[in-house]
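Undergrad: Attaching a single structure in structure tokens format; questions to follow.
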Amino acid sequence: AQTVTQSQPEMSVQEAETVTLSCTYDTSESDYYLFWYKQPPSRQMILVIRQEAYKQQNATENRFSVNFQKAAKSFSLKISDSQLGDAAMYFCAYRSARANSKLTFGKGITLSVRP
Amino acid sequence: ETGVTQTPRHLVMGMTNKKSLKCEQHLGHNAMYWYKQSAKKPLELMFVYNFKEQTENNSVPSRFSPECPNSSHLFLHLHTLQPEDSALYLCASSQGPSGANVLTFGAGSRLTVL
């Protein structure tokens, strides 16, 4: 079974600085997708970024980028120029490319941003 | 406003009550999901529907009864719940069941069982 591990329950970053959130996963499959979701206090789970395992290039979305290390099964999220609105829970998630596969989440990490 | 709408946002019920959670998606998606989010635990998948047919029941107790009358609507009927069922219930939808499809979530229904 696939598992997703986020070992840091909380992190804090100064506004305008950079922070990296860690995630590791376990799978025996070669074709899959990885995601980072953000859940602010409004509770809406919002997709931040998506990585396809067969692509070597790391995904980037504006201030958000990932460091995808397939061999190490590591998928960290880097937030540059942190803003107050980035404060939220962040969830790492895994989904096999097979049809009807489950989206498996980590426990999440609470990110606070200091003004 | 999100493409996935959940009502009610908050629900308090006694253990003998019967209530329902509603989810509606305006994205033209064909797959819908119920997740349970409890404090300090990963999100737990409960049910999956593809084209109105249930394709996943993740060993959910029978006191939770899902209903999917069409691809746009999903309900979760609740009866004789336990206090440990108190949680945030999230609905999501995706274009289809492929692993490539991204899930879009609603804002959740916060359930408290007294």
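Undergrad: From the list B:L11, B:L27, B:L45, pick out the single residue that is in contact with a Leu (Cβ under 6 Å, 6 or more places away or on another chain) and among the hydrophobic types (A, V, I, L, M, F, W, C).
TA: It is B:L11.
Undergrad: Among the listed residues A:A99, A:A93, identify the single one that is at the interface with chain B (Cβ under 10 Å from one of its Cβ atoms), within 13 Å of the chain's Cα centre (by Cα) and of a type in the set (G, A, S).
TA: A:A93
Undergrad: Can we say A:A16 is modelled with pLDDT of 95 or more and assigned to a loop (DSSP other than H, G, I, E, B)?
TA: yes
Undergrad: Restricting to segment A:66-115, what's the tally of residues that are of a type outside the set (G, A, S), surrounded by 15 or more Cβ atoms within 10 Å (Cβ to Cβ) and farther than 13 Å from A:V19 by Cα?
TA: Of the residues in segment A:66-115, 14 are of a type outside the set (G, A, S), surrounded by 15 or more Cβ atoms within 10 Å (Cβ to Cβ) and farther than 13 Å from A:V19 by Cα.
Undergrad: Restricting attention to segment B:69-103, which residues are under 17 Å from A:P41 (Cα atoms) and within 9 Å of chain A (Cβ to nearest Cβ)?
TA: Those that are under 17 Å from A:P41 (Cα atoms) and within 9 Å of chain A (Cβ to nearest Cβ): B:L88, B:L90.
Undergrad: Follow-up question, since we're still on this one. Restricting attention to segment A:59-108, report how many residues are more than 15 Å from A:Q6 (Cα to Cα), part of a loop (DSSP other than H, G, I, E, B) and among the charged types (D, E, K, R).
TA: So the count comes out to 5.
Undergrad: Which of the residues spanning segment B:29-54 are in a loop (DSSP other than H, G, I, E, B), within 11 Å of chain A (Cβ to nearest Cβ) and surrounded by fewer than 19 Cβ atoms within 10 Å (Cβ to Cβ)?
TA: Correct list: B:S38, B:A39, B:K40, B:K41.
Undergrad: Quick check: anything in segment B:58-72 touching an Asp or Glu at 6+ places or on another chain (Cβ under 6 Å), in a strand (DSSP E or B) and surrounded by fewer than 18 Cβ atoms within 10 Å (Cβ to Cβ)?
TA: no
The values are calculated or read from the model by the stated rules, or taken from the named source; none is laboratory data. On a predicted model such as this, the values are computed, not experimentally measured, just so you know. Neighbour counts run over all protein chains shown; Cβ positions are idealised from the backbone, glycine included.
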